[in-house]
Amino acid sequence: MCNSSLTKDTIIQLIKNDDVFVTFVKPKKTSSSVWVNFSCIYVNNMKQNFVSCDTCKDILHYTSTDGTSCMRKQQKSCQTLNKNNQNAAFGIKEYFRPKTCQKIPTKLKDKITNATVEFVSLDTRAFELVCGDGFLYFAQTLLDVGKKLSNAQNINVVDLLPHPTTVSRNINKLYTNRKTQLIDLCKSMKSYSVVVDFWTDAHTGVSFCGIALFHLTEDLQLLVFTLGCYPYDQDNQTSPQVRQFVDSKLMEYHLSLDDSKFVVCDNENKMKSSFKVCCTRIGCSIHYLSKQVQHCFTTDTIDKVPVNCDIIQQMFRCIRRIVSHMRRAHKQSKLPRKLQSYSDTRFNGAFHTMDVFLLVFDDLAGVLDRTLMNDYMLIDKDLLVSVCSFLKPFEEVMVQLSCDTKPTIHKVLPLRQYLLQQCIINSDDQDGIQQMKKFIGNNL
């Protein structure tokens, strides 16, 4: 059971506000029949020291050491009330409650689908919007409100929806409310990990610091929170200044680092120095792996030592020039797929650029200008196919290690060995592939 500092009044208020993070769950294993009429209360997937009566919705304090005596008394009280109200009139729906969700008629389902398609088209919204947790909560709220207004006449949906200005004014209120809840949750955390990442915007020169919090509950549920993406306002980026900046942001949530806390960051010397004391630093394996792959395509020397991947780098430069031209010339509409620009801040960014480029390689011949045909002719399609095939396992490993729903540190060594096996040079490998395998195999 997870300890929590939330009080009974706080939980009652969250329930009254129909907070989406409040859930009621029946315990899986019980030794008492009284649990038939009671449910455990969870907030943010953390079990609270309170239960709810399914009959009267009263909130009772409960821990495993207290026993079920308080629930038995509440059950008897509810039974007495039910006997006193046994002559009350009930509607037919009270006697026949559906045990399963009602099946939606096909015509209604099609109507909703058509409205959704028009919604994303008219307002130019992403298709994935309809799968987001926020949108689903919004749609469910509209459905619940619609049930209560089913008998009302002449209700215009415009009267139900808030004005955009009202939404913008309530953003800060929502942020303050959620931050307060997160602070209360952080106060109860005894162990956690912090992920820190720094980057600089290439156009503005402004540096940013992203901080995320990972906490594993006692019932082995992984909670992940993004604390913020903060503009870095210190005088410089020396290790003492970086550590001071991160500590100040953590203190806003009553969090502090010590030898029992873990910090995950990249493997740059600045970050190593910033978190070498009063915490346990863990280098980000995905960042390190992505950097080694990136060096194959964009770096000539590392610490005055040649990378020796000139064949692959020459091909990649040609691909980048073609992709950049196609995007600037607005000719992508003539291709079956949209080309992907290279980004050095995206994990395995070179693979994503080349993988899409390979899909439209044959179509490019009829679209490119003469000025870029030389670059196109210099690209060996067979080599491009081999490079994409070689990098695909790296993409799969990065996806596995990026999972934010359960710990993945135990996978690092087995997956490293798996990638090392992929780097074994075969006699029929092309020269460019051999260069890549040798460099990555020596640096993993």
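Among 77, 31, 389, the residue with the largest mean-square fluctuation in a Gaussian network model of the chain, with springs joining Cα atoms closer than 10 Å, is 31. For the set 57/148; 8/179; 107/406; 276/304, the pairs lying more than 31 angstrom apart at their alpha carbons are 107/406.
Working from the alpha-carbon coordinates of the chain, get Rg over Rh, Rh being the Kirkwood radius.
1.05
Calculate how steeply helix 239-251 sits against the longest principal axis of the alpha-carbon atoms of the chain, using the helix alpha-carbon long axis, and give the answer as 0 to 90 degrees to the nearest 10. Computed tilt is about 20 degrees.
Per residue of the chain, the DSSP helices (runs of n ≥ 4 H) give a summed -39500 (n - 2.57) that works out to -15000 deg cm²/dmol at 222 nm.
At 0.36 nm per residue, and after removing the present C-alpha to C-alpha distance, how many nm does the segment from residue 256 to residue 137 gain when stretched out fully?
On the way: separation 119, 0.36 × 119 = 42.84 nm, distance 3.38 nm.
Length difference between fully extended and current span is 39.5 nm.
Coordinate-derived values only; no laboratory data. This is a predicted model, so every value here is computed, not measured.
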